[in-house]
Amino acid sequence: MAADVTVEAALAEAEREIGLLRAELEETNRGVVALYAELDVQAEDLRRANDLKSRFLAYMSHEFRTPISSLLSIARILLDELDGPLTEEQRKQLEFIQSTSLEFSDMVNDLLDLAKVEAGRIDVSPAWFDMVDLFAALRGMFKPVLTNPEVVLIFEEPDSLPTLYNDGKKLGQILRNFISNALKFTVRGEVRVSVRREEGDMVTFAVTDTGIGIAPELHDSVFRDYSQIDSPIQKRVRGTGLGLSLSKRLAELLGGSVSLHSEPSKGSTFSVTVPLRKSEARVADD
Ligand SMILES: Nc1ncnc2c1ncn2[C@@H]1O[C@H](COP(=O)(O)OP(=O)(O)OP(=O)(O)O)[C@@H](O)[C@H]1O
Ligand SMILES: [Mg+2]
């Protein structure tokens with residue numbers, strides 16, 4: 001009899017404790033649910049703020065394009081002396097206006113592209129193209145800017161590589177930024193552009209320079225918006241620090257990625273790996 005009473009008491013006590021625990025759990029649950037709801041609201045706010053920022057950037061950069069192109073064409077007309085001859089000083093000043101407007105125009109274009117990528121409004125248009133044609137276009141583009149006789153730009157053309165089915169324009173944009181960076185940060189030696197086939201139907205384009213290099217702890221940060229590394233060269237060259245962050249996002253849109261190997265004062269290799277054939281399925285869900 002006494003034993004039964006003890007068991008009953010113990011059971012009642014256990015039940016009471018379970019009840020307490022359950023109440024505590026329910027309370028915690030309610031707390032978690034409330035927290036989730038709060039997080040949802042915050043995520044929505046963030047998304048809206050980000051959307052607004054992208055839209056603002058897109059509108060602003062778009063509106064800037066017209067005045068910049070007027071500036072550029074007026075400078076061009078004056079420099080061509082269509083309105084009469086220029087003095088040496090006037091020519092110098094007009095060339096200054098021209099190069100500053102070009103710099104401004106590059107910056108606006110990068111900003112517009114970034115805003116478009118962020119807003120998911122950049123379309124990938126895959127088409128068949130030949131690597132050799134891409135290299136020829138890049139070679140032509142950089143010929144006029146190769147002003148330092150101590151740096152050579154080499155395109156290692158592949159013996160055999162299949163035709164690519166991807167967005168050649170965007171791939172060209174990524175390589176253009178890698179090459180222009182390499183030329184900016186290399187005082188002596190070479191900038192070498194190469195391509196190799198990888199496992200799993202991927203292809204890697206690499207731009208290797210013998211320039212100032214980048215310290216290992218900065219390898220990630222150079223791919224962030226507006227990131228530029230302090231150096232004596234940096235003060236002399238043009239740029240806004242958007243090229244690499246845009247290149248990274250474009251590579252991801254193409255179904256690939258970018259990477260960096262670099263050693264200070266030895267040089268850097270920036271690579272972009274993309275699929276040989278960009279599948280339509282990925283295009284659709286981008
Ligand atoms: N090949 C390189 N060698 C050394 N440093 C580099 C090299 N490429 C990039 N960097 C560093 O990374 C920074 C970011 O490069 P990024 O291309 O994003 O910007 P930018 O060239 O300064 O400006 P933008 O490309 O927007 O005109 C550069 O300013 C430079 O400090
Ligand atoms: Mg750049």
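Read-outs: derived from the displayed coordinates by stated rules, not from any lab. Small disclaimer: the values here were computed from a predicted structure and weren't measured. Cβ sites come from the backbone with ideal geometry, for glycine too, and all protein chains shown count toward neighbours.
What would the Debye formula give as log10 I(q)/I(0) at q = 0.09, 0.10, 0.18 Å⁻¹ for the alpha-carbon point model of the stretch 1-122, no solvent? Those come out to -0.57, -0.62, -0.97, one per q. Listed by chain and number, the aspartates and glutamates whose C-alpha is less than 18 Å from the C-alpha of Lys53, apart from same-chain residues fewer than 8 away, are Glu44, Asp45, Glu63, Asp110, Asp113, Glu118, Asp225. For the stretch 16-79 versus the stretch 130-171, the spacing of their alpha-carbon centroids is 38 Å. Dividing the C-alpha radius of gyration of the stretch 147-205 by 2.2 N^0.38 Å, with N its residue count, gives 1.29.
Here the Karplus relation 6.51 cos²θ - 1.76 cosθ + 1.60, evaluated at θ = phi - 60°, turns the backbone of the stretch 146-156 into coupling constants of 7, 9, 8, x, 8, 10, 10, 10, 10, 10, 7 Hz, with x for every Gly and Pro. When Rg and the Kirkwood Rh are both derived from Cα coordinates, the Rg/Rh ratio for the stretch 127-285 amounts to 0.96. What is the angle, in °, between the Cα long axis of helix 2-79 and the longest principal axis of the Cα atoms in the chain? Nearest 10 is fine, range 0 to 90. Tilt relative to the chain: about 10 degrees. The helix-based estimate of mean residue ellipticity at 222 nm for the chain, built from -39,500 (n - 2.57) per DSSP H run of four or more residues and divided by its residue count, is -19500 deg cm²/dmol to the nearest 500. Between Leu94, Ser61, Ile122, whose Cα lies farthest towards the positive end of the dipole of the chain when Lys and Arg beta carbons carry +1 and Asp and Glu beta carbons carry -1, centred on the Cα centre? Farthest towards the positive end: Leu94. Cross-link partners for Lys235 among the aspartates and glutamates, with Cα-Cα distance under 17 Å and sequence neighbours closer than 8 places in the same chain left out: Glu103. The charge dipole of the chain, taken about its Cα centre with unit charges on the Cβ atoms of Lys, Arg (+1), Asp and Glu (-1) only, comes to about 1480 debye. Considering all C-alpha pairs of the chain, those separated by over 34 Å amount to 40%. From least to most packed, judged by other beta carbons within 10 angstrom and beginning with the fewest, Thr100, Thr208 follow the order Thr100, Thr208.
Angle of helix 88-118 to the longest C-alpha principal axis of the chain, folded into 0 to 90 degrees and rounded to 10: 30°.
The C-alpha atoms of the chain define a longest principal axis, and helix 243-253 lies at about 60 degrees to it. Measuring between alpha carbons in the structure, the pairs from Lys169/Lys278; Lys116/Lys143; Lys143/Lys184; Lys116/Lys184; Lys170/Lys278 lying more than 20 angstrom apart are Lys116/Lys143; Lys116/Lys184. Across the stretch 78-177, the relative contact order, built from alpha-carbon pairs under 8 Å that are at least six residues apart, equals 31 percent.
Near Lys184: Cβ cut-off under 11 Å, other residues only, Lys/Arg at +1 and Asp/Glu at -1. The net charge is +1.
Sorting 160-170, 35-45 by their mean Cβ neighbour count within 10 Å, with the most densely packed peptide first, gives 160-170, 35-45.
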